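To start, the structure under review is shown below, and the notes come after it.
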Amino acid sequence: MTAVGLGIPKYRNDEGPPPVAERRKTRQIMVGDVPVGGGAPVSVQSMTTTLTSDINATLQQIAELTASGCQIVRVAVPSADDAAALPVIAKKSQIPVIADIHFQPKYVFAAIEAGCAAVRVNPGNIKKFDDQVGAIAKEASAAGVPIRIGVNAGSLDRRLLEKYGRVTPEALVESALWECSLFEEHGFRDIKISVKHNDPLVMIAAYRLLSARCDYPLHLGVTEAGPQFQGTIKSAVAFGALLAEGIGDTIRVSLSSPPVEEIKVGNQILESLGLRERGLDIVSCPSCGRAQVDVHTLAEKVAAALEGFPVPLRVAVMGCVVNGPGEAREADLGVASGNGKGQIFVKGEVIKTVPEARIVETLVEEAMRIAEEREVPVDGAPGAVVVTPDPVG
């Protein structure tokens with residue numbers, strides 16, 4: 001029997017899966033040390049939920065996001081106290097910090113002076129913003145700070161609402177490109193754009209239209225996407241459609257959940273589209289009358305026990321003899337369960353049969369062996385990700 005390689009299935013010439021689409025060509029900006037656009041990998045962002053003025057709480061949440069795979073973080077700056085906290089936060093954060101500015105243009109200048117990696121402005125919420133563009137462009141250009149023009153359905157310029165009668169894709173795009181043109185008049189093109197809407201269909205149409213009309217890098221987002229389940233579905237549908245067409249340079253999954261959950265979903269979307277190397281990939285069968293084990297609980301325990309595993313790993317958790325052995329053989333590591341026991345597969349070969357109570361423990365042991373074969377430190381070694389078995393009860 002032929003052994004199966006690690007990570008993702010092999011394709012013709014061992015080149016990996018074909019790309020979903022050729023990436024749209026955009027100009028590149030640098031958000032701190034993270035390149036955005038210009039062929040750079042799609043980056044994942046989130047936003048802190050703490051009061052930015054609470055420096056310790058904000059830095060703690062940024063650390064948690066960083067550990068979860070967040071590459072860029074945004075912090076809200078609605079007050080003078082928040083603006084005063086920016087120098088410390090920007091200096092101590094391990095990832096680039098974007099200042100999120102609404103209503104008060106003076107905080108744009110404060111964020112640039114504080115050393116933030118970028119500034120997000122919402123033109124529809126800032127009074128007389130157009131009059132401030134020249135000064136902002138001058139300061140941002142001198143500091144090498146890019147500007148994200150973030151247009152939202154909920155705060156669209158009143159003039160455009162009157163023109164279009166409602167928030168349409170055309171209205172969102174016109175707002176964004178108008179603001180870009182004002183910056184361009186001052187020779188400033190270090191710009192990223194977002195045109196967010198809470199309806200994925202409107203959002204998709206807006207980004208398609210925007211992509212056809214400019215070459216600025218685009219930040220994808222479904223704004224106010226909702227609670228975790230609903231927001232995940234909306235974001236996956238919208239991002240999947242656009243990224244599969246090569247549209248999008250950085251993403252944020254907006255959930256009414258802890259921000260770490262946004263990072264998990266965002267990374268999974270990119271992995272599923274082949275835009276990021278897959279990490280832990282759990283293949284598990286749906287519940288059905290053939291199952292001879294509680295697949296849902298078993299799969300959850302395996303996922304929890306292997307969370308943060310340091311090498312790409314596909315694990316099959318199967319509950320019956322119909323598809324179980326075949327799926328387990330196609331994975332790096334797998335189990336076909338039934339009659340209180342589990343056949344453990346490694347690289348396509350059955351290596352042992354264990355009692356159901358020892359399935360999770362055994363899978364973790366074999367996973368750690370795979371990591372050792374790849375010379376990846378585990379279980380407390382320097383730089384290691386600690387993998388702790390989740391006991392079966």
Looking only at segment 207-235, and only at residues there that are part of a helix (DSSP H, G or I) and under 22 Å from ALA40 (Cβ atoms), the one that is most open to solvent (accessible area, probe 1.4 Å): ARG213
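When you look at CYS285, is it of a type outside the set (Ser, Thr, Tyr), in the same structural domain as ALA135 (by the TED database), open to solvent by 10 Å² or more (accessible area, probe 1.4 Å) and more than 20 Å from the chain's Cα centre (by Cα), yes or no?
On the way: of a type outside the set (Ser, Thr, Tyr): yes; in the same structural domain as ALA135 (by the TED database): no; open to solvent by 10 Å² or more (accessible area, probe 1.4 Å): yes; more than 20 Å from the chain's Cα centre (by Cα): yes.
No; evaluated as a whole, the condition is false for this residue.
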Odd one out for GLN45 among (1) at pLDDT below 95; (2) surrounded by 21 or more Cβ atoms within 10 Å (Cβ to Cβ); (3) within 21 Å of PHE239 (Cβ to Cβ): (1)
Selection status of PHE239, open to solvent by 10 Å² or more (accessible area, probe 1.4 Å) and not aliphatic (A, V, I, L, M): no
Cross-chain or 6+ apart pairs with Cβ under 6 Å, segment 34-57 first and farther than 12 Å from THR250 by Cβ, then outside any loop (DSSP other than H, G, I, E, B) and among the small types (Gly, Ala, Ser): THR50/ALA57; THR52/ALA76; THR52/ALA85; SER53/ALA85; ILE55/ALA85
Where a residue in segment 339-359 is in the same structural domain as VAL293 (by the TED database) and its partner, wherever it lies, is open to solvent by 70 Å² or more (accessible area, probe 1.4 Å) and assigned to a loop (DSSP other than H, G, I, E, B), with Cβ under 7 Å and at least six apart: ASN339/GLN292; GLY348/MET1; GLY348/THR2; GLU349/MET1
Test: residue in segment 65-76 that is open to solvent by less than 50 Å² (accessible area, probe 1.4 Å), within 20 Å of GLU139 (Cβ to Cβ) and under 24 Å from the mean Cα position of the chain (by Cα): yes
Residue satisfying condition, being closer than 27 Å to VAL34 by Cα, out of contact with any Ser or Thr (no Cβ under 9 Å at 6 or more places or on another chain), assigned to a helix (DSSP H, G or I) and β-branched (Val, Ile, Thr), within set ILE193, ILE204: ILE204
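The values are calculated or read from the model by the stated rules, or taken from the named source; none is laboratory data. Only a predicted model underlies this, so the values are computations on that prediction, with no experimental measurement involved. As a convention, Cβ positions derive from the backbone with ideal geometry for all residues, glycine included, and neighbour counts pool all protein chains shown. Accessible surface areas use protein heavy atoms only, side chains included; no ligands, DNA or RNA. Shrake-Rupley method; radii C 1.70, N 1.55, O 1.52, S 1.80 Å.
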